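Data block below; observations after.
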Amino acid sequence: MLNLGVLISGRGSNLQAIIDACEKGELPAKVAVVITNNSLAYGVERAKKHNIPVLAIEPNQFKDKNTYELEIVKILQQHAVQLVCLAGYMRIIGPVLLEHFQGRMINIHPALLPSFPGLHGQKQALEHGVKISGATVHYVDEGCDTGPIILQAAVTVLENDTEEGLSQRILEQEHLLYPQAIKLIAEGKTKIEGRKVRII
Ligand code: GRF
């Protein structure tokens, strides 16, 4: 069983997809702890409903980013977390978290990276006029959505698509993709080789 720590800031629908896949026995993993920077995040309720320990760690209660991240590292270690999953966690990961979890921290992004990193990936894709967008699960490195790519799913952009409609269709793919990527890691089937993730 791989112990997961999930970091969220909001709705938590990806968290829910991960919890459900674990509970159904679809992957050899369990969510050991959920951490949020926003105590009002709806994902907090989702964790509570499944009796998963959930902690709100508010950055403004710490003197700087490093101290804040050290607290997160401490909690992740207390729960013996082996893989950190960012699921709508709206903060850039700093050197403290990276140092402890590089190669053991992944993120999901609502676009086909390296296109449209950062905020509002779906809106960026629409405005650019691409015909295909999608979702990406990748390892986290020091950049913004730049780490080695584990899995991607394509979603067709429709004529007259809206940000809402495209986001919804991408989200459906995210909910399938994230558990699949975690499964690969839990089964020891990913190997990072430079920029590439080899699936073995
Ligand atoms: C998702 O679209 C994810 O790709 C992005 O933030 C959103 C989080 O949604 N990083 P949720 O909180 O998991 O519902």
Query raised in the report: Looking at segment 122-131, is at least one residue buried (at least 23 other Cβ atoms within 10 Å of the Cβ) and more than 23 Å from ARG198 (Cβ to Cβ)?
Result: yes
Query raised in the report: If you scan segment 65-94, which residues turn out to be open to solvent by 40 Å² or more (accessible area, probe 1.4 Å) and more than 16 Å from the ligand (Cβ to nearest atom)?
Result: LYS65, ASN66, THR67, LEU70, GLU71, LYS74, GLN77, GLN78, HIS79, ALA80, GLN82
Query raised in the report: Of all residues in segment 24-37, which are out of contact with any His (no Cβ under 7 Å at 6 or more places or on another chain) and open to solvent by less than 20 Å² (accessible area, probe 1.4 Å)?
Result: LEU27, ALA29, VAL31, VAL34, ILE35, THR36
**Report entry** Given (1) of a type in the set (A, V, I, L, M, F, W, C); (2) closer than 19 Å to ILE182 by Cβ; (3) open to solvent by 50 Å² or more (accessible area, probe 1.4 Å), index of the condition LEU40 fails
**Finding:** (2)
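When you scan segment 146-170, how many residues do you find that are in a strand (DSSP E or B) and open to solvent by 30 Å² or more (accessible area, probe 1.4 Å)?
The first filter runs over segment 146-170 and keeps only residues in a strand (DSSP E or B), leaving 149-156.
Then drop every residue that is not open to solvent by 30 Å² or more (accessible area, probe 1.4 Å), which leaves 149, 151-152, 154, 156.
Within segment 146-170, residues that are in a strand (DSSP E or B) and open to solvent by 30 Å² or more (accessible area, probe 1.4 Å) number 5.
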Requested in this report: Find all pairs meeting these conditions: Cβ atoms under 8 angstrom apart; at least six residues apart or on different chains; first residue within segment 55-74 and among the aromatic types (Phe, Trp, Tyr); second residue in a loop (DSSP other than H, G, I, E, B).
Outcome: TYR68/ILE57; TYR68/PHE62
Report summary line: Residue count, segment 4-23, condition open to solvent by less than 30 Å² (accessible area, probe 1.4 Å) and away from the ligand (no atom under 11 Å from the Cβ), comes to 5
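Does LYS74 qualify as being farther than 23 Å from PRO110 by Cα and either assigned by TED's automatic domain parsing to the domain that holds GLY188 or outside any helix (DSSP H, G or I) (or both)? Give the derivation first.
Working: farther than 23 Å from PRO110 by Cα: yes; either assigned by TED's automatic domain parsing to the domain that holds GLY188 or outside any helix (DSSP H, G or I) (or both): no.
Criteria not met by LYS74.
The values are calculated or read from the model by the stated rules, or taken from the named source; none is laboratory data. Here the structure is a predicted model, which is why all the values come from computation and not from measurement. Reconstructed Cβ throughout: ideal geometry from the backbone, glycine too, with neighbour counts over all protein chains shown. With ligands, DNA and RNA removed, areas are computed over all heavy atoms of the protein, side chains included. Shrake-Rupley method; radii C 1.70, N 1.55, O 1.52, S 1.80 Å.
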